[in-house]
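A quick write-up on the structure given underneath.
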Amino acid sequence: MKLIVAVVQDQDSNRLSSALTKGDFRATKLASTGGFLKSGNTTFLIGTDDSLVPKALDLIRDNCRSRDQMVAPVSPMGGNADSYIPYPVEVEVGGATVFVLPIEQFRHF
Ligand code: 2BA
């Protein structure tokens, strides 16, 4: 068994959620925040058999797309001036950041 942890953009989360349910996967959605943009994203926890991991990854790939996002300069006041970027920068936020972890035990009580 594996646990798939997928960080996706909020805009894609409903579509992915529906696709996973339709594909007979069980998933938990967590509201999360990206460390760099400090804006909301969604983290899916998907527990599944090893043999179904490729199918889950296909669904994630097909339902999440990358987008360019502008990062506005943020005042360093009260923060770390070393990380201050004085001009807006564009970053490409990926369709999904995915980790696949081995599961030692799965119990469902
Ligand atoms: P954020 O940390 O808000 O990052 C959003 C996007 O900003 C990233 O897209 C990347 O294009 C850019 N970025 C992040 N850190 C950067 C840096 N130090 N310098 C320049 N650009 C940077 P993605 O790589 O597609 O990541 C999307 C979200 O996935 C991230 O949101 C974070 O929530 C999660 N993520 C990405 N890599 C991760 C990792 N290794 N561990 C845990 N979470 C991760």
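Of note:
- For residue 28: the one exception among (1) open to solvent by 80 Å² or more (accessible area, probe 1.4 Å); (2) over 30 Å from residue 72 (Cα atoms): (1)
- Condition check for residue 75: farther than 19 Å from residue 93 by Cβ and modelled with pLDDT of 95 or more: no
- Which listed residue is out of contact with any helix residue (DSSP H, G or I) (no Cβ under 6 Å at 6 or more places or on another chain), among the aromatic types (Phe, Trp, Tyr) and closer than 17 Å to residue 98 by Cβ, from 36, 44: 44
Residue-wise test of (1) more than 17 Å from residue 92 (Cβ to Cβ); (2) out of contact with any Pro (no Cβ under 9 Å at 6 or more places or on another chain); (3) away from the ligand (no atom under 16 Å from the Cβ).
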site: 1; (1), (2), (3): yes, no, yes
site: 8; (1), (2), (3): no, yes, no
site: 23; (1), (2), (3): yes, yes, yes
site: 29; (1), (2), (3): yes, yes, no
site: 33; (1), (2), (3): yes, yes, no
site: 43; (1), (2), (3): yes, yes, no
site: 48; (1), (2), (3): yes, yes, yes
site: 51; (1), (2), (3): yes, yes, yes
site: 58; (1), (2), (3): yes, yes, yes
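- Residues located in region 78-109, provided they are open to solvent by 70 Å² or more (accessible area, probe 1.4 Å), at pLDDT below 90 and near the ligand (Cβ under 10 Å from one of its atoms): 83
The values are calculated or read from the model by the stated rules, or taken from the named source; none is laboratory data. Note that the coordinates shown come from a computational prediction; the quantities given were computed from them, not determined experimentally. As a convention, Cβ positions derive from the backbone with ideal geometry for all residues, glycine included, and neighbour counts pool all protein chains shown. What goes into the accessible areas is simple: the full protein's heavy atoms, side chains included, and nothing from ligands, DNA or RNA. Shrake-Rupley method; radii C 1.70, N 1.55, O 1.52, S 1.80 Å.
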